[in-house]
Amino acid sequence: MNPNRNPVTGSPSRGFRPEVRPGEGHFIDETAENLSQGERRVSLGARILTASILLETLWFKFTGHPESMWIFRQMNMESWGRYGQGIWELTASVLLFVPRFRWVGALLALGAMGSAIASHLTVLGIAIQGDHGLLFGMACTAFLGALATLWIHQQSIPNITRLDDAP
């Protein structure tokens, strides 16, 4: 059996080549992931988009902007929730650009934006204080960017079978 082929379908596998499988203390780079040039471009664009949205909102969370305080007051999470969410989003933004932990950054961003979307749909409403749904749209955009990043880098997740390689 050829280790570079999917045992079920026989098609070439995009997973790690056996000779470059990372071990303890080794970092994963995009060449080890066998990403095409298009996948690398989409990944970079999705990571930049997601991180820029997450980082842009940090100023509002950490400086106590009135709109940010109002949002977290509505959920009975002011101020500990505001600072916690800010630290969570900052961590996700940084990890999106660390090759070995891109998938962790994407998962953290999915969680943060998923909770923001759920908050908009259940407690806050789509439009907040006359923003015409801007914050909700930014959360949805960042969620999709993180989802694309996680999909592209899924072979980096330890002990996970690629979703398109599953039987």
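If the segment from TRP59 to SER115 were pulled out straight at 0.36 nm per residue, it would be longer than the present Cα-Cα gap by 18.2 nm. Compared with the rule-of-thumb size 2.2 N^0.38 Å for a compact globular protein, the stretch 37-156 has a Cα radius of gyration ratio of 1.05. With a cut-off of 14 Å between beta carbons, the residues surrounding SER68 carry a summed charge of -2, where Lys and Arg count +1 and Asp and Glu -1.
For a distance above 13 Å, tell me the whole-number percent of Cα pairs in the stretch 58-102 that qualify. Cα-Cα pairs in the stretch 58-102 separated by more than 13 Å: 55 percent.
If R0 equals 35 Å, the separation of the Cβ atoms of GLN129 and ILE157 corresponds to a calculated FRET efficiency of about 0.35. Estimated at 0.36 nm per residue, the fully extended path between GLN74 and GLN37 surpasses their Cα-Cα distance by 8.9 nm.
Every number in this text was worked out from the coordinates using simple rules, so none of it is lab data. Here the structure is a predicted model, which is why all the values come from computation and not from measurement. All Cβ positions, glycine included, derive from the backbone under ideal geometry; neighbour counts span all protein chains shown.
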